[in-house]
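Presented below is the structure to which this report refers.
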Amino acid sequence: MARTPATAPPRRAMRADARRNYARLLTEARAGFAEHGTDTSLEDIARRAGVGIGTLYRHFPTRQALMSAVFQDALTALVDHARELDAAQQPCRALVEWLRAFVTYAGEYRGLSRALMSAPCDDTTALGQCNVPLRTAGEALLSRAQGAGAVRDDVSIDDLLQLTNAIALASEQTPEDPELADRLLTLTLQGLAPRPAA
């Protein structure tokens, strides 16, 4: 996957003022999503960026497109981290480390995990385009863990991504319990081990 930094403009060349507007919109979207969640008002984001709502929609035709752009830094970090872990001596530990990082990133903005859970794993939507490289990166780690006999063969990366998003969502809904995500992930991982032969 070609890397697309979160602050980079779309492929089509933009004028300097359009690039500045794009960068300001992303900055304000990150702040708004972090403070109020991903359902924060797009009008407020545009206003804080000093542009009209039409300018926001020219750069980001949908809320999902804006969320996808905001998530690009985390997406790149997760994909890069999976590549680093791909040569780890303990494939199961590498998978666990990556899933923990995924839960952390998915929980960074309230509402992101829910949106990722409902997005398709294809390129038909902006968030779906995020899911494709995440799925590919995680699948490589899962395959190595399964090849080492540490994870059941019937576990799929789609199952794991849905579970980790659900854990991030549960943690988001229970901010008074900062250990919840780790406990739920530990319980999930215990269920991944191969079943003993009868």
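The values are calculated or read from the model by the stated rules, or taken from the named source; none is laboratory data. Computed from a prediction, not measured in an experiment: that's the story for all the values here. Positions of Cβ are generated from backbone atoms using ideal geometry, with glycine treated the same way; all protein chains shown enter the neighbour counts. When the accessible area is computed, the model is the full protein with side chains, heavy atoms only, and any ligands, DNA or RNA have been set aside. Shrake-Rupley method; radii C 1.70, N 1.55, O 1.52, S 1.80 Å.
The smallest convex shape that holds all Cα atoms of the range 109-198, its convex hull, gives 104 Å³ per residue.
Using Cα pairs closer than 8 Å and at least 6 residues apart in sequence, work out the relative contact order for the range 15-62, in percent.
Details: 30 pairs, mean separation 17.3, N = 48.
Reported relative contact order: 36 percent.
Of the heavy-atom accessible surface of the chain (probe 1.4 angstrom), what whole percent is carbon and sulfur? C and S fraction of accessible area: 52 percent.
Scanning the chain for DSSP H helices at least 27 Å long along the axis (C-alpha atoms) with a Kyte-Doolittle mean no lower than 1.0 picks out nothing.
Over the chain, what is the mean sequence separation of C-alpha contacts under 8 Å (at least six apart), divided by residue count, expressed as relative contact order in percent? Walk me through the numbers on the way to the answer.
Values: 223 pairs, mean separation 38.2, N = 198.
Result for the chain is 19 percent.
Of the GluC sites (Glu not before Pro) in the range 148-198, the ones in a loop by DSSP (not H, G, I, E or B) with at most 13 other beta carbons within 10 Å are Glu176, Glu179.
Got a sec? What order do Val151, Val132 fall in by accessible area at 1.4 Å, biggest, i.e. largest, first?
Result of the area sort, largest leading: Val132, Val151.
Per residue, the accessible area of the chain comes to 52 Å², computed with a 1.4 Å probe over protein heavy atoms only.
How big is the equivalent ellipsoid of the range 12-73 along its three axes, where each semi-axis is √(5λ) from the Cα gyration tensor, reported in whole Å from largest to smallest?
Numbers: eigenvalues 60, 31, 21 Å².
Computed over the range 12-73, the values are 17, 12, 10 Å.
Using only Cα coordinates, the Kirkwood hydrodynamic radius of the chain works out to 17.9 Å.
Roughly how compact is the range 69-142, stated as its Cα Rg over 2.2 N^0.38 Å to two decimals? Don't jump to the answer; show the numbers that get you there.
Numbers: Rg = 12.1 Å, N = 74, 2.2 N^0.38 = 11.3 Å.
It is 1.07.
Placing R0 at 25 angstrom, the Cβ-Cβ distance between Val132 and Ala88 gives a FRET efficiency of 0.60 after rounding to 0.05.
Express the relative contact order of the range 119-198 as a whole percentage, based on alpha carbon pairs under 8 Å and six or more residues apart in sequence. Answer for the range 119-198 is 23 percent.
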